[in-house]
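Undergrad: Okay, here's the structure, questions in a sec.
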Amino acid sequence: EKGNYRHFMQKEIFEQPVVVAQTLRSYLRRVEQTVALPQIDFDLASINRVTIVACGTSFYAGMVAKYWFEQFARLPVDIDVASEFRYRDPVLEPGGLALFISQSGETADTLAALRHCKAAGQTIAVVVNVPTSSMAREADLLLPTHAGPEIGVASTKAFTCQLAVLAALAAHLAVKRGRLSREEEAEIVEQLVETPACLNAALAHDEEIAGMAHLIAPARDVLYLGRGPDYPLALEGALKLKEISYIHAEGYASGEMKHGPIALIDEAVPVIVLAPSGPLFEKTVSNMQEVRARGGKVVLISDAEGIAEAGEGCLATIEMPKVHPLIAPLVYAVPVQLLAYHVAVAKDTDVDQPRNLAKSVTVE
Ligand code: M6R
């Protein structure tokens, strides 16, 4: 039930600190400060590459995971949307882990891709929110998210729980491959344990974001920009906005702006920039300046440091807590979800049941 919330989506956004903590509980040993997968008898040390396949928001969680698997575990990662993967005759060599990510565990294309990889001799891992689903039943390694039932068609809490599991999996693979010291593993565990509190800090901006909805609601097009592991968040932000507010939105890697999309920029196109401070921040700031020089209106989502440096002249800023780069994608998911939600409310659309969309896509 919706309780005090107006929509299921809103309730599910606000549940994130609790369900992410709930999910992490089964992947972290807090006292020992180690990562532990539910099926610890399964040895992943021999895995030599990872193939990630999913659709929609689950695919974006996979894109974030690619950065983590490469950075921490030094594993080569191939990733594709299921509808492309299953028909492109991918090269699948022995020793590969095929990883499928799905809230429902029933998405037709993802399930078909899973069966294809199984027939090709890959080890099958699944991150699913429904433990009784087809994908869960057909997996060698089941990695459940504990988000609870997700009713809103726009996925929110399933996404952040997927990211939590994938971060734990990345750390586990890194340990297995001798790529993480005890101290580094403990540091990752500590950061993940901090996540629910950081999600709460992000949620505290709800009213402020609601107040910005009128700035975005009249737009015909909106661009989202991000870099590194926050680039998939730009794609996710754009998907959320188009799904529920019906505004055309595109996510781009910040550095791709000048390769085409900058031609779209004028006063009528808000540009949402996701940029935690850090080594890549300066580069994103110069991309922002390119936007502003063409009359573009920037909404900057960053931390205090980033906003102090680049917030001036923005249409609006949303201040996130300063977080470790590992958990930034989980934390920055919250403002993009809230922004899409409030814009949809301002446009009076059917938030939980957007037109033309089904919660679970069980046909091709
Ligand atoms: O159940 P799944 O995670 O496999 O679903 C995948 C997509 O259909 C899903 O993420 C869809 O894109 C959502 N409506 C996004 O909000």
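Undergrad: Excluding residues on the same chain fewer than 8 positions from Lys242, give the lysines whose Cα lies under 22 Å from its Cα.
TA: Leaving aside lysines fewer than 8 places away in the same chain, those within reach of Lys242 are Lys11, Lys157, Lys297, Lys347, Lys359.
Undergrad: If you count only protein heavy atoms with a 1.4 Å probe, what accessible area per residue comes out for segment 249-364, rounded to a whole Å²?
TA: Normalised by residue count, the accessible surface of segment 249-364 is 43 Å².
Undergrad: For segment 213-271, which chymotrypsin sites (Phe, Trp or Tyr not before Pro) pass both filters: DSSP loop (anything but H, G, I, E, B) and at most 15 other C-beta atoms within 10 Å?
TA: Of the chymotrypsin sites (Phe, Trp or Tyr not before Pro), the ones in loops of segment 213-271 whose Cβ has at most 15 other Cβ atoms within 10 Å are Tyr246.
Undergrad: Please give the length that would be gained between Val91 and Arg30 if that part of the chain were fully extended, namely 0.36 nm times their separation in residues minus their C-alpha to C-alpha distance (nm, one decimal).
TA: Separation in residues times 0.36 nm, less the Cα-Cα distance, equals 18.1 nm.
Undergrad: Return the loop-located chymotrypsin sites (Phe, Trp or Tyr not before Pro) in segment 18-120 (DSSP other than H, G, I, E, B) with at most 16 other Cβ atoms within 10 Å of their own Cβ; answer none if there are none.
TA: Passing both the DSSP loop test and the Cβ count: Phe42, Tyr87.
Undergrad: Roughly what % antiparallel, to the nearest 5, for the DSSP beta bridges in the chain?
TA: 5 percent
Undergrad: Taking the simple approach of a point 7 Å from Cα along Cα-to-Cβ for both Ala119 and Glu309, what is their distance in nm?
TA: Each label point is offset 7 Å from its Cα along the Cβ direction, giving 5.1 nm.
Undergrad: Note down the relative contact order for segment 253-307 as a percent, whole number, built from C-alpha pairs under 8 angstrom at least six residues apart.
TA: 45 percent
Undergrad: In a solvent-free Debye calculation with one equal scatterer on each Cα, what is log10 I(q)/I(0) for segment 1-59 at q = 0.14, 0.18, 0.27 Å⁻¹, listed in the order of the q values?
TA: Values, matching the q order: -0.70, -0.93, -1.09.
Undergrad: If you don't mind, another one. GNM on the chain, C-alpha springs below 10 Å: top fluctuator among Ala170, Ala119, Ala154?
TA: Ala119
Undergrad: Calculate what fraction, in whole %, of the accessible area of the chain sits on carbon and sulfur atoms when a 1.4 Å probe is rolled over the protein chains.
TA: Percent of accessible area from carbon and sulfur atoms in the chain: 50.
Undergrad: Next question. Output the relative contact order of segment 17-159, whole-number percent, from Cα pairs under 8 angstrom with separation of 6+ residues.
TA: It comes to 24 percent, rounded to a whole number.
Undergrad: Return the equivalent ellipsoid semi-axes of segment 231-353 as a descending list in whole Å, where each equals the square root of 5 times an eigenvalue of the C-alpha gyration tensor.
TA: Those come to 22, 18, 13 Å.
Undergrad: I need the semi-axes of the equivalent ellipsoid of the chain: take the C-alpha gyration tensor, multiply each eigenvalue by 5, square-root it, list largest first in whole angstrom.
TA: 32, 22, 20
Undergrad: Quick test of the membrane-span-like rule: which DSSP H helices of the chain reach at least 20 Å along their long axis (C-alpha atoms) with mean Kyte hydropathy at least -0.5?
TA: Helices meeting the span and hydropathy rule in the chain are 56-73, 157-176, 182-203, 231-245, 328-346.
Undergrad: Pairs of Cα atoms under 8 Å, at least six residues apart: use those to get the relative contact order of segment 242-364, whole percent.
TA: Once divided by the residue count of segment 242-364, the mean separation gives 26 percent.
Undergrad: I'd like the trypsin sites (Lys or Arg not before Pro) in segment 10-111 restricted to DSSP loop residues with at most 16 other Cβ atoms within 10 Å, sorted by number.
TA: Arg30, Arg74, Arg88
Undergrad: I'd like to check one number: the per residue accessible area of segment 136-210, probe 1.4 Å, reported in Å² as a whole number.
TA: Here the residues of segment 136-210 average 35 Å² of exposed surface.
Undergrad: Per DSSP helix of 4 or more residues, -39500 (n - 2.57); summed, then divided by the residues of the chain. What does that give at 222 nm, rounded to the nearest 500?
TA: It comes out at -13500 deg cm²/dmol, rounded to the nearest 500.
Undergrad: Rule-of-thumb check for segment 139-178: C-alpha Rg over 2.2 N^0.38 Å?
TA: 1.41
Undergrad: If you don't mind, there's one more thing I want to ask. Points 7 angstrom from Cα along the Cβ direction at His214 and Asn4: gap in nanometres?
TA: 2.6 nm
Undergrad: Taking every pair of Cα atoms in segment 1-123, average 1/r, invert it to obtain the Kirkwood radius, and report Rg/Rh to two decimals.
TA: 1.02
Undergrad: Now, a different point. Rounded, prolate or oblate, given the Cα gyration tensor of segment 116-199, with a/c below 1.5 counting as rounded?
TA: The shape class here is oblate.
The values are calculated or read from the model by the stated rules, or taken from the named source; none is laboratory data. This is a predicted model, so every value here is computed, not measured. We place every Cβ from the backbone using ideal geometry, glycine too, and count neighbours over all the protein chains shown. When the accessible area is computed, the model is the full protein with side chains, heavy atoms only, and any ligands, DNA or RNA have been set aside. Shrake-Rupley method; radii C 1.70, N 1.55, O 1.52, S 1.80 Å.
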